[in-house]
């Protein structure tokens, strides 16, 4: 059975989605491969597709639009507005530009990419207006730490903020100290970006490799990337959006959902990647 998470409004979503950071910028065979991968994932049930106006200066949104227009009803489409566009007028304009690039009339979820100079109350009111106009169905935030969540709470109603998208992986566990619980307490789903790390350094860790050697998946012997993803997905209230620009990687991500890590696995991983013992600054990439 596929693991799911539930938004505050009752919308159930698969706990595994797809990210598109650094996708869509290369025309030709690579672009075709990325579109094929996204469509395969959607057909396999990975309906959450995440993008942003910042990614490739809109090229990622164009890619996602090309990949999803024939199956829009099967997709939970997420995009993000830059803090420089977070004013009342800026949000309205940025959202409409994103919709045009995506080739759709609405977003399922619209996020503030990170904190900027615009007062949160102004951005929240802009999101509410977009929702009233039917241009977005849910809104949320990204890269918000506990202090930011508390400030947001002061200008919102319970359940309004649907998601907080943050960096979370074996390498970046600081949010376990307080932020994951802060999100859960407020019925805010945590969306983990870069759950299997960047650049492959994490995947060469000997402990991660040793744990992988003890597991098998539908795609064959487990890989370190699959273990890293399974580790993130084990958390409740967690939706992970790894990038999968190739069909092979996407199939491995899907198969990782069936991995059940043992207590011994988790103990070894904790020793190699210690959980936080104190509050640390929110990490971002």
Out of the residues in the range 73-82 that are surrounded by fewer than 18 Cβ atoms within 10 Å (Cβ to Cβ) and touching a helix residue (DSSP H, G or I) at 6+ places or on another chain (Cβ under 9 Å), which is farthest from residue 103 (Cα to Cα)?
82
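Residues that are touching a strand residue (DSSP E or B) at 6+ places or on another chain (Cβ under 8 Å) and at pLDDT 95 or above: does the range 202-212 have at least one?
The answer is yes; a qualifying residue exists.
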Which members of the range 262-281 meet the condition of being within 21 Å of residue 191 (Cβ to Cβ) and touching a helix residue (DSSP H, G or I) at 6+ places or on another chain (Cβ under 7 Å)?
275, 276, 280
Is it the case that some residue within the range 116-127 is within 18 Å of residue 153 (Cβ to Cβ), touching a strand residue (DSSP E or B) at 6+ places or on another chain (Cβ under 7 Å) and in a helix (DSSP H, G or I)?
yes
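Please work out if residue 140 is assigned to a helix (DSSP H, G or I) and within 20 Å of the chain's Cα centre (by Cα).
no
Conditions tested, residue by residue: (1) outside any helix (DSSP H, G or I); (2) surrounded by fewer than 21 Cβ atoms within 10 Å (Cβ to Cβ); (3) under 23 Å from the mean Cα position of the chain (by Cα).
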{"residue": "226", "(1), (2), (3)": "no, no, yes"}
{"residue": "250", "(1), (2), (3)": "no, no, yes"}
{"residue": "268", "(1), (2), (3)": "no, yes, no"}
{"residue": "278", "(1), (2), (3)": "yes, yes, no"}
{"residue": "283", "(1), (2), (3)": "yes, yes, yes"}
Tally time: how many residues in the range 228-248 are assigned to a loop (DSSP other than H, G, I, E, B), closer than 12 Å to residue 50 by Cβ and modelled with pLDDT of 90 or more?
2
Tally time: how many residues in the range 1-53 are over 22 Å from residue 232 (Cα atoms), in contact with a helix residue (DSSP H, G or I) (Cβ under 8 Å, 6 or more places away or on another chain), modelled with pLDDT under 95 and assigned to a loop (DSSP other than H, G, I, E, B)?
3
Return only the number of the condition from (1) within 27 Å of residue 184 (Cα to Cα); (2) buried (at least 20 other Cβ atoms within 10 Å of the Cβ); (3) touching a strand residue (DSSP E or B) at 6+ places or on another chain (Cβ under 7 Å) that residue 98 does not satisfy.
(1)
Note: among 128, 115, just one is out of contact with any helix residue (DSSP H, G or I) (no Cβ under 7 Å at 6 or more places or on another chain), surrounded by fewer than 23 Cβ atoms within 10 Å (Cβ to Cβ) and farther than 18 Å from residue 20 by Cβ, namely 128
State which residue pairs qualify: first residue at pLDDT below 95 and inside the range 99-112, second residue outside any strand (DSSP E or B) and crowded, with 24+ Cβ neighbours inside 10 Å in any location, beta carbons under 7 Å apart, and separation of 6 or more residues or different chains.
none
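The values are calculated or read from the model by the stated rules, or taken from the named source; none is laboratory data. What you see is a predicted model, and the numbers here were worked out from it, not measured in a lab. Using ideal geometry, Cβ is built from the backbone for each residue, glycine included, and neighbour counts are taken over all protein chains shown.
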